[in-house]
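Read through the structure below, which is laid out as structure tokens, and then see the notes.
The values are calculated or read from the model by the stated rules, or taken from the named source; none is laboratory data. Not measured: the values here are computed from a predicted model. Quick reminder, even Gly has a Cβ in these numbers, built from the backbone with ideal geometry, and neighbours come from all protein chains shown. Surface accessibility is based on the protein's heavy atoms, side chains included, excluding ligands, DNA and RNA. Shrake-Rupley method; radii C 1.70, N 1.55, O 1.52, S 1.80 Å.
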Amino acid sequence: MGKPKKGGFPAMEPKINYVKIQNNEIDNVTIAWGDSIVWVNKDNTTHSLAVLGGNGQPDPTKPWGGPMGPVGSDTANSPEFSFQWMQQTPPPTTPTVYQYGLLDHPTSKAKVTVQIKV
């Protein structure tokens, strides 16, 4: 990406962030644009993530990846989920917040806050 222009946003140095799911709870996380997340299931049950719908509940029509198997299984960790800024303009200077939750435990919710840099 080269050197950032004066007043521009810094060149991306992508990082993988690991977000724990344990006791049916999800940690909130703040990341930079270009970073990715791997959710780590520490529970003995399968979990699925979805964006919150208009009713404030995880929307099964808007999943974030497939189900994550129980702790210790080959599928306990999600694949990397990247948060790329896809517009022609620079990312906004104010953070963007994504709200999501567990489909199997709809009261378990969290936020991913994405901003220019952490």
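See the values below:
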| item | result |
| --- | --- |
| Segment GLU25-THR113, length gained on full extension (0.36 nm per residue, minus Cα span) | 30.0 nm |
| Calculated FRET efficiency for the pair GLU13/THR46, C-beta based, R₀ 30 Å, to 0.05 | 0.35 |
| Considering only the chain, percent of DSSP beta bridges that pair antiparallel, nearest 5 | 65 percent |
| Three-way shape label, the chain, alpha-carbon gyration tensor, a/c 1.5 | prolate |
| Largest to smallest accessible area among VAL71, VAL29 [probe 1.4 Å] | VAL71, VAL29 |
| Rounded, prolate or oblate (a/c below 1.5 giving rounded, otherwise prolate when a/b exceeds b/c) for segment 67-116 by Cα gyration tensor | oblate |
| Distance histogram in 10 Å bins (all Cα pairs of segment 14-72, percent per bin) | 21, 48, 30, 1 |
| When each of LYS62/LYS111; LYS42/LYS109; LYS62/LYS117 is checked by Cα-Cα distance, pairs over 23 Å | LYS62/LYS117 |
| Accessible surface of TYR18 - all protein chains present, 1.4 Å probe, nearest 10 Å² | 150 Å² |
